[in-house]
1. Among the residues in segment 80-103, are any among the small types (Gly, Ala, Ser), farther than 14 Å from PHE160 by Cβ and at pLDDT below 95?
2. When you scan segment 48-62, do you find a residue that is in contact (Cβ under 8 Å) with a residue 40 or more places away in the chain and of a type in the set (A, V, I, L, M), even just one?
3. Quick check on segment 102-117: of everything there that is surrounded by fewer than 20 Cβ atoms within 10 Å (Cβ to Cβ) and in contact with a Pro (Cβ under 8 Å, 6 or more places away or on another chain), which residue is nearest to GLU23 (Cα to Cα)?
4. Would you point out the residue of segment 61-86, among those that are aliphatic (A, V, I, L, M) and touching a helix residue (DSSP H, G or I) at 6+ places or on another chain (Cβ under 9 Å), that is farthest from LEU151 (Cα to Cα)?
5. Look at segment 31-47 and say how many of its residues are without any contact (Cβ under 8 Å) to a residue 60 or more places away in the chain and closer than 15 Å to ILE155 by Cβ.
6. Out of the residues in segment 30-77 meeting the condition of being assigned to a helix (DSSP H, G or I) and among the β-branched types (Val, Ile, Thr), tell me which one is surrounded by the fewest Cβ atoms within 10 Å (Cβ to Cβ).
7. Considering only segment 1-37, state which residues are of a type in the set (S, T, N, Q) and out of contact with any strand residue (DSSP E or B) (no Cβ under 9 Å at 6 or more places or on another chain).
8. Under the condition of being touching a residue at least 24 places away in the same chain (Cβ under 8 Å) and assigned to a helix (DSSP H, G or I), which residue from segment 78-108 is nearest to ALA133 (Cα to Cα)?
Amino acid sequence: MPSPYSGVPMEKWQEVTLRLIDEHPLVPEELAEIVLASWNSIFDSKMGSKGFRIGKDIFPKPQIMGFLLHELIPLELAARYPNEWRGDRDASEKDIVYIPNDYYSIEVKTSSNPSHIYGNRSFAQKSSKGKKAKSGYYLAVNFGKFSKSTLHPEIRLVRFGWLDSEDWIGQQSPTGQQSRLSPDVENKKLLVIYART
């Protein structure tokens, strides 16, 4: 699909981002609330026959916390709006599917970095047949890590906006497995909808 930023100078990207967010069926405040509710539900859950709890008995690595967010955010949305939202069912779908119109479906990116998000190497490559489109709406969530002094890390930053596949920059090394965004893209194409104060 053509980029909504096509032909728009960088200094006007934020205006395009605001318009795209305004057109989206989800209100940014509710989206941020859903992220926070999903995060809190991780700590409220009990596991196993002994009722083990994350943050008390189990202290998962960031990848596991990111995975749980990826699963819980679509479930939370689907619970609120069962006829409108659902999680992905195959590799060709975004993480959060908007049933009435796939254009508004959302890719979720999480990171324990305080302010940046990353994609895997494939995000900096052209999409192959059967794979999900890398351009579209993105929900970016940054969260804290567990440590000896932090038993209940918090959501640090939630951003929402639109990224194009060309925005992802792959690592130079042929074995590099990560892609990143330039500061201009992160600052002008992703709008902060929640920041921990």
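The values are calculated or read from the model by the stated rules, or taken from the named source; none is laboratory data. What you see is a predicted model, and the numbers here were worked out from it, not measured in a lab. We place every Cβ from the backbone using ideal geometry, glycine too, and count neighbours over all the protein chains shown.
1. Going residue by residue through segment 80-103, those that are among the small types (Gly, Ala, Ser) are 87, 91-92.
Imposing the further condition that a residue be farther than 14 Å from PHE160 by Cβ reduces the set to 87, 91-92.
Still in the running and at pLDDT below 95: 91-92.
So far as segment 80-103 goes, yes, one or more of its residues are among the small types (Gly, Ala, Ser), farther than 14 Å from PHE160 by Cβ and at pLDDT below 95.
2. no
3. Among those that are surrounded by fewer than 20 Cβ atoms within 10 Å (Cβ to Cβ) and in contact with a Pro (Cβ under 8 Å, 6 or more places away or on another chain), it is SER111.
4. The initial filter retains those residues of segment 61-86 that are aliphatic (A, V, I, L, M), namely 64-65, 68-69, 72-73, 75, 77-79.
Add one more test, that the residue is touching a helix residue (DSSP H, G or I) at 6+ places or on another chain (Cβ under 9 Å), and what stays is 65, 68-69, 72-73, 75, 77.
Values: MET65: 13, LEU68: 17, LEU69: 17, LEU72: 20, ILE73: 22, LEU75: 25, LEU77: 27 Å.
Among them, the one singled out is LEU77.
5. Initial filter on segment 31-47 (without any contact (Cβ under 8 Å) to a residue 60 or more places away in the chain): 33-34, 37-38, 40-42, 44-47.
Checking which are closer than 15 Å to ILE155 by Cβ leaves us with 33-34, 37-38, 40-42, 44.
Here the count works out to 8.
6. Within segment 30-77, the subset assigned to a helix (DSSP H, G or I) is 30-44, 62-77.
Okay, now just the ones that are also among the β-branched types (Val, Ile, Thr), so 34-35, 42, 64, 73.
On the way: ILE34: 23, VAL35: 24, ILE42: 18, ILE64: 13, ILE73: 25.
Of everything passing the filter in segment 30-77, ILE64 is surrounded by the fewest Cβ atoms within 10 Å (Cβ to Cβ).
7. Of all residues in segment 1-37, those of a type in the set (S, T, N, Q) come to 3, 6, 14, 17.
Within segment 1-37, just SER6 meets the criteria.
8. Checking each candidate, the answer is TYR103.
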